[in-house]
Amino acid sequence: GTASKTDTPILETPQSIAVVPRQQIEEQGAQNISQALRYTSGVLGEGYGAGSVFDSEVRVRGFVAPRYLDGLRLPYDSTIQFAQPRTEPYGLERIEVLKGPSSGIYGQASPGGILNMVSKRPTVERRGELEVQTGSYGRVQGAFDISGPVDANREFLFRVTGLARDTDTFIDLNKEQRYFIAPSFTWQPNANTSFT
């Protein structure tokens, strides 16, 4: 969806696209966007080393890539990079990297490409997930993801994703507390129309 804003298959799109699906993010154990993009060609995510305080800038083909969430640009200012909003990878379905100039679709953009993050959407099938983690530096984390139809006709769908984390870091006296909640609701009046 990122390259043409349509359902055109990647093989039929005349641009270079890399997709990092949810399964890869989980298998890598990525705790931030930079870690999720480690194995994507032409992308440098951790240019200043590993860090957990903020999302470091992502470079695509050598240029700082603007970030989008569900096709809408996120605020970014390179002069105050440390005060940027941080995107929680647990709330994402996939990360799409559109390489090369994309100004025809997204307006003023980097010549290297853009980074579009797709958030989790409500599902037609009922599903649920509960996750508890612990780790180094006193890390404790809990997360949940619940989704499904509200009615028998599957016209109304919901999804609630949440996460809470409390940990120290590899830097003395540096502590991280994170709380994330993302509710979403979809109304599908017919097969060709849906509002999320």
(message) Against the definition (touching a Pro at 6+ places or on another chain (Cβ under 6 Å), open to solvent by less than 70 Å² (accessible area, probe 1.4 Å) and among the β-branched types (Val, Ile, Thr)), how does Ile105 come out, yes or no?
(response) no
(request) Would you mind stating whether Arg165 is over 24 Å from the mean Cα position of the chain (by Cα) and basic (Lys, Arg)? (result) no
(request) Tally the residues that are open to solvent by less than 60 Å² (accessible area, probe 1.4 Å) and part of a loop (DSSP other than H, G, I, E, B), restricting the search to region 5-33. (result) 7
(request) Note down all Cβ pairs under 6 Å where the first residue falls in region 127-148 and is more than 24 Å from Lys175 (Cα to Cα), the second is of a type in the set (Ser, Thr, Tyr) and part of a strand (DSSP E or B), and they're at least six residues apart or on different chains. (result) Arg127/Ser147; Asp145/Thr161
(request) Look at Phe170 and say whether it is out of contact with any Cys (no Cβ under 9 Å at 6 or more places or on another chain), open to solvent by 20 Å² or more (accessible area, probe 1.4 Å) and over 29 Å from Leu44 (Cβ atoms). (result) no
(request) Tell me, yes or no, whether region 146-159 has at least one residue that is over 16 Å from Arg22 (Cα atoms), out of contact with any strand residue (DSSP E or B) (no Cβ under 8 Å at 6 or more places or on another chain) and open to solvent by less than 60 Å² (accessible area, probe 1.4 Å). (result) yes
(request) Quickly run through region 90-120 and pick out the residues that are among the basic types (Lys, Arg) and under 17 Å from Arg61 (Cα atoms). (result) Lys99
(message) Being surrounded by 11 or more Cβ atoms within 10 Å (Cβ to Cβ), over 20 Å from Glu93 (Cα atoms), of a type in the set (Asp, Glu) and out of contact with any helix residue (DSSP H, G or I) (no Cβ under 6 Å at 6 or more places or on another chain) narrows it down to one residue among Glu176, Glu131; which is it?
(response) Glu176
(request) Could you list, in sequence order, all residues of region 36-49 that are outside any loop (DSSP other than H, G, I, E, B) and modelled with pLDDT of 90 or more? (result) Ala36, Val43
(request) Only residues in region 27-47 that are without any contact (Cβ under 8 Å) to a residue 60 or more places away in the chain count as the first member; pair them with residues that are in a helix (DSSP H, G or I) and of a type in the set (Val, Ile, Thr), Cβ under 6 angstrom, at least 6 apart or cross-chain, and list the lot. (result) Ala36/Ile25
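The values are calculated or read from the model by the stated rules, or taken from the named source; none is laboratory data. Computed from a predicted model, the values in this text were never measured in an experiment. We place every Cβ from the backbone using ideal geometry, glycine too, and count neighbours over all the protein chains shown. With ligands, DNA and RNA removed, areas are computed over all heavy atoms of the protein, side chains included. Shrake-Rupley method; radii C 1.70, N 1.55, O 1.52, S 1.80 Å.
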